[in-house]
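Undergrad: Supplied in C-alpha cells, the structure appears directly below.
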Amino acid sequence: MRLEGLRVLITGAASGFGEAMARRFAAEGANVVLLDICKPALDEVERSIGGTRGGTATGFECDVTDSERVHEVIATCLDEQGGIDVVVNNAGWSYRNQPLLDVDEASLRKVYEINVFAIYHMTRAIVPHWRQSGGGTMINISSTAGIRPRPGLVWYNSTKGAVNSLTQSLAAELASDNIRVCAIAPVLGRTGLTEAFLGGPETPEALARFVSTIPLGRMSTGDDVASAAAFLASPEARFLTGIIVPVDGGRCI
C-alpha cells in the first residue's frame, strides 16, 4: 500500500498497459481516475477495480486530443477529489508497420495528435494546479521506438522521440515548481496495437522473430510497465526526474 491515498489519473486506461497500471495503482492504495475513449471497456475496468481491495476507480470518457474535454475532466477531478498527484500519459496510437512513403497525411496527423499533442493538452490543464498546490508527477509512456528506431514505423518513431524530448524538457523547466516528469519506454507487448507494430497478423512465427531481438527472450507485459510506473510515482523516486526508463528486456542495448 505504498501509494495509499495518492490521486492518479491515467489516460488510455481501459486496456493494455493503461489497464494494467490502473489495477496496480489501485491495488497499492491509490485513488485512480481512468480516462479512455472507449466507454464500454472503461466502465468494465472501473467496475472491476471498484470491487477489489485497495483504492478507488472513477472513469471518464475522454478523447485526449480534445483540449476542451481534457480541461473539463481535470476541472471535475480537482473539484471532486481536491487534487491530482500523478498523471500518466499512456494513451497512444500507431498506424500499421509499412514503408514510410505509404503512410498518408491523415495517419501522420492522427499519430501526432494522440501521441504528442495529447501531452500538450494535459500539461496545459494540470501544470497550473500543480504550481498552485506545490508539485506533482507526470509519467509519459514512450517506446523503445523513440530510443532505437527501426524501419517500418518512421513517423511513429518520431512521435516517441518527441515524447522523450518533451519529458526531459518539461522536467528541466518544471523542476523549480517541484514537478517531476519521467518516461517509460516499453518494448512490444500484447496490446491492441501489437498487429500494427508487427505489420501483419500476430502469428507465432511473427512473434518469434520479434522476440529473437530481445536479449531477455520475451515481450513486455502490463505488469512490467505497471511496476515501473508505480515506482516512479512512489516516494521512493522523489529525487528522479527527466529520466526515460526502458522496460525492454535489453532491446535497446
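The values are calculated or read from the model by the stated rules, or taken from the named source; none is laboratory data. This is a predicted model, so every value here is computed, not measured. Cβ placement follows ideal geometry from the backbone for every residue including glycine, while neighbour counts extend to all protein chains displayed.
Undergrad: Looking at segment 146-168 only, could you name the residues that are modelled with pLDDT under 95 and in contact with a Lys or Arg (Cβ under 6 Å, 6 or more places away or on another chain)?
TA: Listed by number, the list is empty, since nothing qualifies.
Undergrad: On the basis of being surrounded by 14 or more Cβ atoms within 10 Å (Cβ to Cβ) and at pLDDT below 95, does Ala125 make the cut?
TA: In short, no.
Undergrad: Can I ask one more? Among the strands (runs of 3 or more DSSP E) contained in segment 1-73, which hold 1 or more residues that are closer than 23 Å to Val116 by Cα and in contact (Cβ under 8 Å) with a residue 60 or more places away in the chain?
TA: Ranges flagged: 7-11.
Undergrad: Something else about it: Out of all the residues in segment 126-156, which are basic (Lys, Arg) and either part of a loop (DSSP other than H, G, I, E, B) or on the phi > 0 side of the Ramachandran plot (or both)?
TA: Arg148, Arg150
Undergrad: Suppose we filter Ala20, Ala106, Ala26 for residues that are small (Gly, Ala, Ser) and more than 27 Å from Leu166 (Cα to Cα); which single one remains?
TA: One residue alone meets the criteria, Ala26.
Undergrad: Looking only at segment 1-13, count how many residues are at pLDDT 95 or above and among the small types (Gly, Ala, Ser).
TA: Of the residues in segment 1-13, 2 are at pLDDT 95 or above and among the small types (Gly, Ala, Ser).
Undergrad: Which numbered condition trips up Phe117, out of (1) within 23 Å of Arg251 (Cβ to Cβ); (2) not in a strand (DSSP E or B); (3) not aliphatic (A, V, I, L, M)?
TA: The single condition Phe117 does not satisfy is (1).
Undergrad: Continuing with this model, one more query. Can you find a residue that is β-branched (Val, Ile, Thr), surrounded by 15 or more Cβ atoms within 10 Å (Cβ to Cβ), within 25 Å of Leu232 (Cα to Cα) and touching a residue at least 60 places away in the same chain (Cβ under 8 Å) anywhere in segment 87-107?
TA: So far as segment 87-107 goes, yes, one or more of its residues are β-branched (Val, Ile, Thr), surrounded by 15 or more Cβ atoms within 10 Å (Cβ to Cβ), within 25 Å of Leu232 (Cα to Cα) and touching a residue at least 60 places away in the same chain (Cβ under 8 Å).
Undergrad: Looking only at segment 168-197, which residues are of a type in the set (S, T, N, Q), in contact with a helix residue (DSSP H, G or I) (Cβ under 9 Å, 6 or more places away or on another chain), part of a helix (DSSP H, G or I) and in contact (Cβ under 8 Å) with a residue 24 or more places away in the chain?
TA: Selection gives nothing.
Undergrad: When you go through Thr159, Thr167 one by one, which is the residue that is of a type in the set (S, T, N, Q), crowded, with 22+ Cβ neighbours inside 10 Å and farther than 22 Å from Asp224 by Cα?
TA: Criteria check complete, one pass: Thr159.
Undergrad: Let me ask something else about it. Looking only at segment 77-98, count every residue that is part of a helix (DSSP H, G or I) and over 21 Å from the mean Cα position of the chain (by Cα) and tell me the total. Walk me through it before giving the result.
TA: Residues of segment 77-98 that are part of a helix (DSSP H, G or I), as a first pass: 77-81.
Add one more test, that the residue is over 21 Å from the mean Cα position of the chain (by Cα), and what stays is 79-81.
Final tally of qualifying residues: 3.
Undergrad: Taking segment 205-227 only, how many residues are at pLDDT 95 or above, surrounded by fewer than 19 Cβ atoms within 10 Å (Cβ to Cβ) and in a helix (DSSP H, G or I)?
TA: Selection size over segment 205-227: 2.
Undergrad: OK, next. What's the number of the only condition in (1) in contact with a Phe, Trp or Tyr (Cβ under 7 Å, 6 or more places away or on another chain); (2) buried (at least 17 other Cβ atoms within 10 Å of the Cβ) that Ser143 fails to meet?
TA: All conditions are met except number (1).
Undergrad: Please enumerate the residues belonging to segment 168-181 that are in contact with a Gly (Cβ under 7 Å, 6 or more places away or on another chain) and not charged (D, E, K, R).
TA: The answer is Gln168, Ala171, Ala172, Asn178, Ile179, Val181.
Undergrad: Considering each of Thr159, Thr123 in turn, give the residue that is over 20 Å from Val245 (Cα atoms), in a helix (DSSP H, G or I) and in contact with a helix residue (DSSP H, G or I) (Cβ under 9 Å, 6 or more places away or on another chain).
TA: Just one listed residue meets the conditions, Thr123.
Undergrad: What residue, among those in segment 228-247 that are of a type in the set (A, V, I, L, M) and part of a helix (DSSP H, G or I), is nearest to Cys182 (Cα to Cα)?
TA: Leu232
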